[in-house]
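The block underneath contains the structure these notes are about, expressed in structure tokens.
The values are calculated or read from the model by the stated rules, or taken from the named source; none is laboratory data. It should be emphasised that the depicted structure is a prediction, and the values quoted were computed from it without experimental measurement. Reconstructed Cβ throughout: ideal geometry from the backbone, glycine too, with neighbour counts over all protein chains shown.
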Amino acid sequence: MKWGGLASRNAGWLDENSNGLAERLADTRNLLSLNDDDMKSLRHRVKRFNAGMSKVYSLLVDKFIIYDSRVAATLAWLVALWCQETSKLFVPPLLQVRCLRPKEEMAATAHKLRNPSCCHFSFPWINTPAQHVHWNLRASWILSSTLACSNVAKFHADTQPLRALEAAFFMWGYDLAATPACSVCPLAGGKSCKTSLDEYEKVGI
């Protein structure tokens, strides 16, 4: 939990729920192992889930990646880039990856960009545990399928290819400010996109 500064958000809860904690974790592990991303079911069964708990379950569930703000940012960035290259006017609903806000001080001199929303390429924020699990499952499927479709990828040289790809997503999504996916936007007549993430924040996307 200390990695990524997530201990403060989870340590207290883990201590408070130490009685029966193993059973609680096992129940969620069994739910995730079903590979069912149905939101109705998840809303009723998932009570606590965040980036810190995603780390825990990545160790308990086979082919289940850590879904934090960096991984979400990278996945959304790739979708935005694909939309741009294929002249899409909006993100298809099934590809509207939900992003997570970075953990940082409000007074930070430079805020990290972890959501590539621009023009009509919008990616909503995760607001509930069920939404987090929903996209954690989907991201795990996408990364696993990507590796399965490319046996020559360098990630296969690692003893754990999925972890290697996950690590690459950590690095790429650390701050998207230097590599905007919407640098040449079809909605802006081929010019740089002028719509900032701040404008999306104002409407609560």
(request) Say whether the condition of being modelled with pLDDT of 90 or more, touching a helix residue (DSSP H, G or I) at 6+ places or on another chain (Cβ under 9 Å), closer than 19 Å to K63 by Cα and surrounded by 10 or more Cβ atoms within 10 Å (Cβ to Cβ) is met by at least one residue in segment 11-26. (result) yes
(message) For the structure I just gave you, tell me whether K88 is surrounded by fewer than 21 Cβ atoms within 10 Å (Cβ to Cβ) and assigned by TED's automatic domain parsing to the domain that holds T128.
(response) yes
(request) Would you be able to tell me the number of residues in segment 110-155 that are assigned to a loop (DSSP other than H, G, I, E, B) and aliphatic (A, V, I, L, M)? (result) 5
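Does L6 satisfy the criteria of being at pLDDT below 90 and surrounded by 11 or more Cβ atoms within 10 Å (Cβ to Cβ)? Steps first, please.
Details: at pLDDT below 90: yes; surrounded by 11 or more Cβ atoms within 10 Å (Cβ to Cβ): yes.
So L6 passes the test.
If you go through segment 156-205 one residue at a time, how many are at pLDDT below 80, part of a helix (DSSP H, G or I) and more than 19 Å from the chain's Cα centre (by Cα)?
Here is the first cut: in segment 156-205, the ones at pLDDT below 80 are 180-205.
Among the residues that remain, those that are also part of a helix (DSSP H, G or I) are: 186-188, 197-202.
The next check asks that each one be more than 19 Å from the chain's Cα centre (by Cα); those that pass are 186-188, 198-199, 202.
Selection size over segment 156-205: 6.
Just a yes or no: is a residue in segment 47-56 out of contact with any strand residue (DSSP E or B) (no Cβ under 6 Å at 6 or more places or on another chain) and farther than 21 Å from W125 by Cα? Give the derivation first.
Taking segment 47-56 and keeping what is out of contact with any strand residue (DSSP E or B) (no Cβ under 6 Å at 6 or more places or on another chain), we get 47-56.
From the residues that got through so far, the ones that are farther than 21 Å from W125 by Cα too are 56.
The answer is yes, given that some residue of segment 47-56 is out of contact with any strand residue (DSSP E or B) (no Cβ under 6 Å at 6 or more places or on another chain) and farther than 21 Å from W125 by Cα.
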